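Visitor: Submitted below is the structure of interest, expressed as structure tokens.
A short reminder: the numbers here are calculations on the coordinates, not readings from a lab. All values derive from a computational prediction rather than experimental measurement. Note that we place each Cβ from the backbone using ideal geometry, even for glycine, and neighbour counts take in every protein chain shown.
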Amino acid sequence: MRKHRIWLHSIAAIVALCASGVLTGLPVRGQSADEQDMETALRLASLLRSARSVIASNQDLINDPKGGDKGLTGDHVLELATVAYLKANGTPPLHDGQDPQEARLIEAQMQAIRAVMADNQATINADGVGFKGFVPAVFGRLVNEKFAGLVGTEAQVKVTAPPDLIRNRKAIPDAWETRIIADDLMSQDWPKGQVYAELTDLGGKPAYRVLVPEYYSAGCLSCHGEPKGEIDVTGYPKEGGREGDLGGVISISIFR
């Protein structure tokens, strides 16, 4: 098993470390399978985070009880997400010269985003309903489920967390994720922002697996902060987290 630990100063910086020149969309001679899988995994994580940030920044619009079309379509979400993605990566999600599998997976993720937004238009546009429950975490889970339905034999994306922070059983970390989160990502000497990657297996199939840690921002604390145990707007008890605490992990698996 090959293990890699990489600091997540920025997605673009990591991609550059994986293979100099890839940000231009040009193939790189001698790029290893691990380097390409790392790049693909981080781009999938980046697009998910970019789209999720659009949902987060539009919560007031989503929860506006006034009915009618709010214009928050899949295409509009992707348009806004692409701006953030371009800033983080230096290229749009799809570009000339891109690795064929990476392009296929990114396209599937974009298709999943469009489908989730289409499926939830009635909820988003409902008249007379305030809090809709269409929060970033729900959006991300639904996108990952759609993505798995499209390309689950090639790759999987999952947002998980330390077991005591899990709110939805579908997000429970598997044995490998649980071990790496506990032994590495949550250890006191683990540098904040460092990504973990390992060639291992998933469901009996060889897979290059990448864990991208995510930390609570100030905006997360209204639901996940203090006082611990207080019921938040979604109906769950708050975890008592503080800004900068490990709050979640994006787990990406690229099957070999």
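Visitor: Filter the chymotrypsin sites (Phe, Trp or Tyr not before Pro) in segment 198-251 to those in DSSP coil with at most 13 other Cβ atoms within 10 Å of their Cβ, and list the result.
Guide: Passing both the DSSP loop test and the Cβ count: no residue.
Visitor: Whose amide H sits under 5 Å from the amide H of Glu239, counting only residues 5 or more places off or on another chain, with H placed in the peptide plane?
Guide: HN-HN under 5 Å from Glu239: Gly225, Gly229.
Visitor: Here's a follow-up. Rank the residues Tyr236, Tyr196 as a footprinting-exposure proxy: fewest other Cβ atoms within 10 Å of their Cβ go first.
Guide: Tyr236, Tyr196
Visitor: Sticking with this structure for a sec: Hey, what do the phi angles of segment 166-175 turn into as Karplus ³J(HN,Hα) couplings, whole Hz, using 6.51/-1.76/1.60 and θ = phi - 60°, x for Gly and Pro?
Guide: My calculation for segment 166-175 gives 6, 9, 10, 4, 5, 9, 4, x, 6, 4 Hz in order.
Visitor: Using a 10 Å cut-off on Cβ atoms, rank the peptides 37-44, 51-58, 91-98 from the highest mean neighbour count down.
Guide: 37-44, 51-58, 91-98
Visitor: Then there's this: Between Leu86 and Thr73, what is the spin-label point distance in nm, taking each point 7 Å from the Cα along the Cα→C-beta axis?
Guide: 2.0 nm
Visitor: Order 225-232, 179-186, 69-76 from most to least packed using the mean count of other Cβ atoms within 10 Å.
Guide: Top of the packing list down: 179-186, 69-76, 225-232.
Visitor: In whole Hz, what ³J(HN,Hα) sequence does segment 91-108 give by Karplus (6.51, -1.76, 1.60; θ = phi - 60°), x for Gly and Pro?
Guide: Per-residue couplings from phi come out as 9, x, x, 10, 8, 4, x, 5, 4, x, 5, 4, 4, 5, 6, 5, 4, 5 Hz.
Visitor: Under 5 Å between amide hydrogens, which residues at least 5 positions from Ala207 or on another chain qualify, with H placed 1.01 Å from N in the peptide plane?
Guide: Excluding prolines and chain starts, which carry no amide H, the hits are Thr200, Asp201, Leu202, Arg256.
Visitor: Looking at the chain, how many pairs of lysines come closer than 24 Å at the Cα, when each pair is eight or more places apart or spans two chains?
Guide: Lysine pairs meeting the criterion: 26.
Visitor: What does the helix-only formula give at 222 nm for the chain: each DSSP H stretch with n ≥ 4 adding -39500 (n - 2.57), the total divided by the residues, and the result rounded to the nearest 500 deg cm²/dmol?
Guide: That calculation yields -12500 deg cm²/dmol at 222 nm.
Visitor: Could you check the spin-label model distance between Asn63 and Ala218? Points 7 Å from the Cα along Cα→Cβ, value in nm.
Guide: For Asn63 paired with Ala218, the spin-label model returns 1.8 nm.
Visitor: For the charge dipole of segment 143-256, defined by +1 on Lys and Arg C-beta atoms and -1 on Asp and Glu C-beta atoms about the Cα centroid, which residue among Gly244, Ala171, Ala148 has the Cα displaced farthest towards the positive pole?
Guide: Ala148
Visitor: Further question on the same structure: Calculated FRET efficiency, Asp34 and Lys170, Cβ-Cβ r, R0 22 Å, to nearest 0.05?
Guide: Given R0 = 22 Å and the Cβ-Cβ separation, E is 0.15.
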